[in-house]
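Here's the structure we're looking at; comments come further down.
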Amino acid sequence: MNTSSTHLTLLVLLLAIIALFCTLVAAAAGLLARIDGATYPSALLRAAVAFAGSATLSLALLTFILATL
């Protein structure tokens, strides 16, 4: 596998953007659950599920994109 430092830097940048996106999705899900009347543990659990789901989907999409390049 021939990878340059530019490719690795781009990959790290994309992973950081994915982490930020997933954190924002989780925060929004937790906030919306709390506004809806859920308890704090329930809202935190919904936020964690939203983070895990969006991370899984984002990483699968990133893997697909990298495989096609």
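Quick look at the numbers
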quantity: Residue-averaged [θ]222 nm for the chain, counting only DSSP H segments that reach four residues, each worth -39500 (n - 2.57); calculated: -31500 deg cm²/dmol
quantity: Tyr40 versus Leu61: modelled label distance in nm, points set 7 Å from Cα along the beta carbon direction; calculated: 3.3
quantity: Accessible-area composition of the chain, carbon plus sulfur, in percent [1.4 Å probe]; calculated: 78
quantity: Stokes-Einstein translational diffusion, the chain - Kirkwood Rh over all Cα pairs, 1.306 mPa s, 10 °C, in µm²/s; calculated: 119
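The values are calculated or read from the model by the stated rules, or taken from the named source; none is laboratory data. Predicted, not measured: the structure shown is a model, and the values here were computed from it. All Cβ positions, glycine included, derive from the backbone under ideal geometry; neighbour counts span all protein chains shown. Just the protein is used for accessible areas: all its heavy atoms, side chains included, with ligands, DNA and RNA removed. Shrake-Rupley method; radii C 1.70, N 1.55, O 1.52, S 1.80 Å.
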